Amino acid sequence: SSNIAPAAVNTSAEMLELAAGIALWSCPPHIKIPGVVGLAALRGIRAKLREREEETGGNNNTVGDGSSARDEVVVRWDDVRMTLQPTKKEKKKLGADAKPKRILDGVSGAAKPGRLLAIMGPSGSGKTSLLNALAAQVPRSKRLTLRGTLRHDDVSVGKDTRRNRKRLNDAVAYVQQQDVFYSQLTVRETLETAAAMRMPTSTYTQSQRSDAVDDVLRAMGIAHVASSKVGDVKTRGVSGGERKRLALACELVGGSPHV
């Protein structure tokens with residue numbers, strides 16, 4: 001029997017498709033066009049087969065006690081709508097023409113475990129607003145209205161209750177678009193601060209927190225700059241890519257196994 005994991009097979013097939021697409025791009029039109037059409041058809045067939053496998057195999061991924069063999073969460077959102085009411089100044093200036101601004105208009109989708117999901121669109125199309133809504137990071141405002149359904153494994157978590165907030169925190173790690181750090185702290189000190197807030201002393205020992213920091217430093221590939229200051233526009237520090245990996249590490253340290 002084969003020891004190759006399905007995820008590895010899928011990744012290899014996707015890499016082959018990418019290589020074939022690059023090779024076809026430089027071919028003459030009479031070769032390129034049929035080849036691209038064939039690749040598109042093949043990709044569609046693979047997607048349908050993968051969806052069928054998920055539907056038929058989703059109930060078989062359990063252990064003896066009936067629990068899931070892997071900590072996986074499917075996040076689904078349906079008919080998400082966000083509107084922003086005009087300000088008093090706008091109402092006074094525009095009168096009857098001052099209408100609410102539709103930031104999100106009936107957006108639906110799903111994020112499945114083990115997949116990379118890209119939300120694409122032009123500037124101002126609502127990408128960040130959608131992510132803020134899914135991560136429960138939308139600020140409270142009398143002018144802002146947010147409606148829709150958010151589910152984690154078919155369990156609604158839309159209402160802002162303590163239980164739902166814990167479920168969200170266990171299933172979602174959110175890295176802001178703009179990194180916000182104390183520039184004079186080192187990379188390790190920044191992670192230690194994040195670990196102290198996420199791993200309370202009532203549950204974790206100092207040794208466990210230190211181990212968690214070391215693990216995420218290695219996992220994110222920033223162990224070599226652990227003693228460097230984070231820095232900012234005025235203070236020399238780590239590179240932009242290392243800052244982004246540090247932001248991701250702050251969300252992962254001491255986090256949920258779902259993430």
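Quick rundown of the values:
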{"item": "Candidate set: segment 155-189, residues that are among the small types (Gly, Ala, Ser) and open to solvent by 50 Å² or more (accessible area, probe 1.4 Å); chosen: the one modelled with the highest pLDDT", "result": "SER156"}
{"item": "Extreme residue, farthest from TYR174 (Cα to Cα), among residues of segment 214-234 that are open to solvent by 40 Å² or more (accessible area, probe 1.4 Å) and either part of a loop (DSSP other than H, G, I, E, B) or β-branched (Val, Ile, Thr) (or both)", "result": "LYS234"}
{"item": "Qualifying residue in segment 140-154 (condition: at positive phi and at pLDDT 85 or above)", "result": "yes"}
{"item": "Residue list for segment 69-114, filter: of a type in the set (Asp, Glu) and exposed (fewer than 11 other Cβ atoms within 10 Å of the Cβ)", "result": "ASP97"}
{"item": "Leading residue by the ranking (surrounded by the most Cβ atoms within 10 Å (Cβ to Cβ)) among those in segment 115-137 that are in contact (Cβ under 8 Å) with a residue 40 or more places away in the chain and within 11 Å of the chain's Cα centre (by Cα)", "result": "LEU134"}
{"item": "Subset of segment 190-213 (residues that are open to solvent by less than 70 Å² (accessible area, probe 1.4 Å), part of a helix (DSSP H, G or I) and in contact (Cβ under 8 Å) with a residue 24 or more places away in the chain)", "result": "THR190, LEU191, ALA194, ALA195, ARG209, ALA212, VAL213"}
{"item": "Counted residues, segment 170-196 - those being within 17 Å of ALA135 (Cβ to Cβ) and out of contact with any Lys or Arg (no Cβ under 7 Å at 6 or more places or on another chain)", "result": "11"}
{"item": "Leading residue by the ranking (least open to solvent (accessible area, probe 1.4 Å)) among those in segment 138-154 that are under 22 Å from LYS99 (Cβ atoms) and touching a helix residue (DSSP H, G or I) at 6+ places or on another chain (Cβ under 7 Å)", "result": "VAL138"}
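The values are calculated or read from the model by the stated rules, or taken from the named source; none is laboratory data. All figures in this text were calculated on a predicted structure; none of them were measured in a lab. Cβ coordinates were reconstructed from backbone atoms using ideal geometry, including for glycine residues, and neighbour counts include every protein chain displayed. Side chains are part of the model used for accessible areas, which takes the heavy atoms of the whole protein and leaves out ligands, DNA and RNA. Shrake-Rupley method; radii C 1.70, N 1.55, O 1.52, S 1.80 Å.
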